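The values are calculated or read from the model by the stated rules, or taken from the named source; none is laboratory data. Small disclaimer: the values here were computed from a predicted structure and weren't measured. Every residue, glycine among them, receives a Cβ derived from its backbone with ideal geometry; neighbour counts consider all protein chains shown. Just the protein is used for accessible areas: all its heavy atoms, side chains included, with ligands, DNA and RNA removed. Shrake-Rupley method; radii C 1.70, N 1.55, O 1.52, S 1.80 Å.
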Amino acid sequence: MFVDSPTEQTTAVTDLLIAVQCVGVIVLLNRIDSKRPMWTDVWKWFFGLLCLASALGAAAHGIHMSTWLQTAIWATVYLALGLIMALFAVAAVTMTWSGEMAKRCLPLGIGIALSFFAITQLWSDSFMLFVVYEAIAMIGALVLYAACYWFRSERGSGFLVAGILVGIAAAIVDTQSALQLTLIWTFDNHGMFHMVQMVSLLLTTIGIHLSHRVGQVQPC
């Protein structure tokens, strides 16, 4: 049942590692007595959807399956990824302004995510479309977190900025289809993307954890 390609195998394993990492972050968030409920809830949904997308991605990369099942899995992954990036942007709004402002932005973000998903089902190169969509969301969040770090020295914002910068580097790696690296096992661009993404998620988690030690945010 498992694929024979070494690079597909390592891509599947690194996808599973991300899913496990996300479960760990959700457990951490559930144990935190946060003064920012909206901030916490948005990140729980973010990591929950990322866990789902990563687990499905691991199955799609690592297991032989029928064409219709693989198509259904990738459609679900793109839907999850669209919502993930919308939540990523909403989280930045929560920290920069307030939970109330984020609640107003949430329906807009979900609407954009659903529109993105609909387009991916018609677009011939959905991956490159996602890269563009991801870049817009990440750069927007980067500007907001950088403003919090520069103007207010908001606790945790420096790690969040670092997490986004590493995440952008991961996205660039993922677009380089000719990349291949052998470190005991062989990784292609997707496997290397997952490894760099795990570092990005770790930095982001540290930033989230540090931000919970202070009260409700004030506008930057």
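When residues of segment 1-51 are filtered for being assigned to a helix (DSSP H, G or I), acidic (Asp, Glu) and open to solvent by 20 Å² or more (accessible area, probe 1.4 Å), how many remain?
2
Take the residues of segment 203-220 that are open to solvent by less than 40 Å² (accessible area, probe 1.4 Å) and outside any helix (DSSP H, G or I): which is modelled with the highest pLDDT?
So, considering only residues that are open to solvent by less than 40 Å² (accessible area, probe 1.4 Å) and outside any helix (DSSP H, G or I), the one modelled with the highest pLDDT is His212.
May I ask you to list pairs of residues, at least six apart or on different chains, whose Cβ atoms are under 6 Å apart, with the first in segment 183-202 being closer than 17 Å to Met138 by Cβ and open to solvent by 60 Å² or more (accessible area, probe 1.4 Å) and the second being assigned to a helix (DSSP H, G or I) and not basic (Lys, Arg)?
Within 6 Å, the pairs are Val199/Val166.
Any residue in segment 15-37 that's under 13 Å from Ile208 (Cβ atoms) and at pLDDT below 85: show its pairings with residues that are of a type outside the set (A, V, I, L, M) and part of a helix (DSSP H, G or I) at Cβ separation under 8 Å, as long as the two are six or more apart or on different chains.
From segment 15-37, the pairs are Ile32/Thr40; Ile32/His209; Ser34/Thr40; Arg36/Thr94; Arg36/Gly99; Arg36/Ser211.
Restricting attention to segment 168-182, and to residues there that are aliphatic (A, V, I, L, M) and farther than 30 Å from Ala147 by Cα, which single residue is most open to solvent (accessible area, probe 1.4 Å)?
Step by step, filter segment 168-182, then rank; the result is Ala178.
Only residues in segment 149-166 that are on the phi > 0 side of the Ramachandran plot count as the first member; pair them with residues that are of a type outside the set (A, V, I, L, M, F, W, C) and open to solvent by less than 10 Å² (accessible area, probe 1.4 Å), Cβ under 8 angstrom, at least 6 apart or cross-chain, and list the lot.
Filtered contacts from segment 149-166: Gly156/Gly207; Gly156/Ser211.
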